[in-house]
Amino acid sequence: MHINELDTPALVIDLDVMERNLSRMADYAREHGLQLRPHTKTHKTPALGARQLAHGAVGLTVAKVSEAEVMLASGVQDLLIAYPIFGAEKMRRLVEVAKKARVTVSVDSLEAARPIAEAAAAAGVTVGVLAEVDAGLHRVGVQPEGFVDLLRGLVGLPGIELRGMAFYPGHIKNQDLDALAALSTLISGLIGEAKAAGFALPIVSGGSTPTEWHSHEVAGMTEIRPGTYIFNDRNTIFSGACTAEDCAATIIATVVSTSVPGQFVIDGGSKTFSSDRTAVDGFGGILDAPDALFEKMNEEHGYVKHAGHTRKVGDRVRIVPNHICVAVNLHERIYGVRGDQVVETWTVDGRGKLQ
Ligand SMILES: Cc1ncc(COP(=O)(O)O)c(C=O)c1O
């Protein structure tokens, strides 16, 4: 099918760019002796998780138990749930997943770890845990001074196995070498404290897309969990970790109105792109018009300001989303293209998995 035959709005993936992104990250990880465990929150699609595994990933990362269930279809044998999960129904589902694959969960408190331990012990399975530390994002993670106490508490629980530590350097959004050096000092210091207290940490899991090419500079880290790198997006360009040529995902939209001078309106708004505007201007980058500003959105309308534009109703535009992970969650299907041909279609089985 020709790309122009796709009904819009449509999320398309340039397969050549995606494959280059996958290979580059796999090569980087191999070269630096780092294990790669991509976060699947970006594509939410088992077929793409399978490609990451084929590129040498040791396993996959998810945020939710329901995402773990979906990702089993990728053939994954080793899953990390890098999110504090809590609640009886989640525990029930967690142990079912643990019967099918090796599962590890990041925890930052004994309150979160105890129900996992009890459910695992009752079901006769072992669930791994990583002790998560707050490395500066101040989201989740035990404060560094409480890290060793958390390790002590975790090893006392039945049904779970302490497999190491985790952190997420989401506060480092650009190539801030000082922040990376501080991160390295913090993590290597904590590994040292754990060792002195008698704890081995076989897995030290961290990493993100903005910091992707500096991961090897974080002393002691053994595993990286980049997510966005498979597609990249405007935020990643802004972070300095990729260029526009590395963005595999674009949303094709149709111009539906040019009635207001200096503006065209497209058939996609917040239901299509997400409202994420983190660090960049506008809600997406118009591929062939970098000076146009995707200024405003309603649910189904995108307002693009572009003085002197010559677009007509029915014209198509391609837009690089600001935050691809949230945009993917809004789409039922994504299309893989080579040049102007649509060669693959995937349903986004992991979209809307909130629990
Ligand atoms: C815990 C955790 N690990 C890894 C990632 C992947 O980050 P990125 O998409 O920047 O690669 C995220 C992203 O939100 C995350 O929350």
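What about residue 125, is it away from the ligand (no atom under 16 Å from the Cβ), part of a loop (DSSP other than H, G, I, E, B) and either surrounded by fewer than 16 Cβ atoms within 10 Å (Cβ to Cβ) or not basic (Lys, Arg) (or both)? Spell out how you get there, then give the answer.
Numbers: away from the ligand (no atom under 16 Å from the Cβ): yes; part of a loop (DSSP other than H, G, I, E, B): yes; either surrounded by fewer than 16 Cβ atoms within 10 Å (Cβ to Cβ) or not basic (Lys, Arg) (or both): yes.
In short, yes.
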* Listing of helices (runs of 4 or more DSSP H) fully contained in the range 7-77 that carry 3 or more residues being under 22 Å from residue 99 (Cα atoms) -> 46-54, 65-71
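Go through the range 36-46 and report how many residues are open to solvent by 20 Å² or more (accessible area, probe 1.4 Å) and either near the ligand (Cβ under 10 Å from one of its atoms) or over 16 Å from the mean Cα position of the chain (by Cα) (or both).
Initial filter on the range 36-46 (open to solvent by 20 Å² or more (accessible area, probe 1.4 Å)): 39, 41, 44.
Filter once more, so that each one left must be either near the ligand (Cβ under 10 Å from one of its atoms) or over 16 Å from the mean Cα position of the chain (by Cα) (or both): 39, 41.
The qualifying residues number 2.
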* Selection status of residue 206, assigned by TED's automatic domain parsing to the domain that holds residue 113, touching a residue at least 12 places away in the same chain (Cβ under 8 Å) and within 11 Å of the ligand (Cβ to nearest atom) -> yes
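Looking at 114, 93, 139, can you tell me which residue is in a loop (DSSP other than H, G, I, E, B) and either open to solvent by 50 Å² or more (accessible area, probe 1.4 Å) or under 19 Å from residue 44 (Cβ atoms) (or both)?
Of the residues listed, the single one that is in a loop (DSSP other than H, G, I, E, B) and either open to solvent by 50 Å² or more (accessible area, probe 1.4 Å) or under 19 Å from residue 44 (Cβ atoms) (or both) is 139.
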* Could you tell me whether residue 152 is open to solvent by 50 Å² or more (accessible area, probe 1.4 Å) and either in the same structural domain as residue 88 (by TED's automatic domain parsing) or away from the ligand (no atom under 11 Å from the Cβ) (or both)? => yes
* Asked: Residues in the range 220-229: is at least one of a type in the set (Phe, Trp, Tyr) and either in a helix (DSSP H, G or I) or open to solvent by less than 10 Å² (accessible area, probe 1.4 Å) (or both)?
  -> yes
* Would you confirm whether any residue within the range 158-172 is open to solvent by 10 Å² or more (accessible area, probe 1.4 Å), among the β-branched types (Val, Ile, Thr), more than 15 Å from the ligand (Cβ to nearest atom) and not in a loop (DSSP other than H, G, I, E, B)? => yes
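For the range 269-314, which positions are assigned to a strand (DSSP E or B) and small (Gly, Ala, Ser)? Reasoning before the result, please.
Keep residues of the range 269-314 that are assigned to a strand (DSSP E or B), which gives 284-286, 293-297, 302-305.
Once the filter is applied, which keeps residues that are assigned to a strand (DSSP E or B) and small (Gly, Ala, Ser), the range 269-314 yields 284, 285, 302.
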* Structure fact -> Only one of 19, 69 is within 24 Å of residue 354 (Cβ to Cβ) and either among the acidic types (Asp, Glu) or modelled with pLDDT under 95 (or both), namely 69
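The values are calculated or read from the model by the stated rules, or taken from the named source; none is laboratory data. Just so you know, these numbers come straight off a predicted model, no measurement behind them. Cβ: placed from backbone, ideal geometry, glycine included. Neighbour counts: every protein chain shown. We work out accessible area using only protein heavy atoms, side chains counted, and drop any ligands, DNA or RNA first. Shrake-Rupley method; radii C 1.70, N 1.55, O 1.52, S 1.80 Å.
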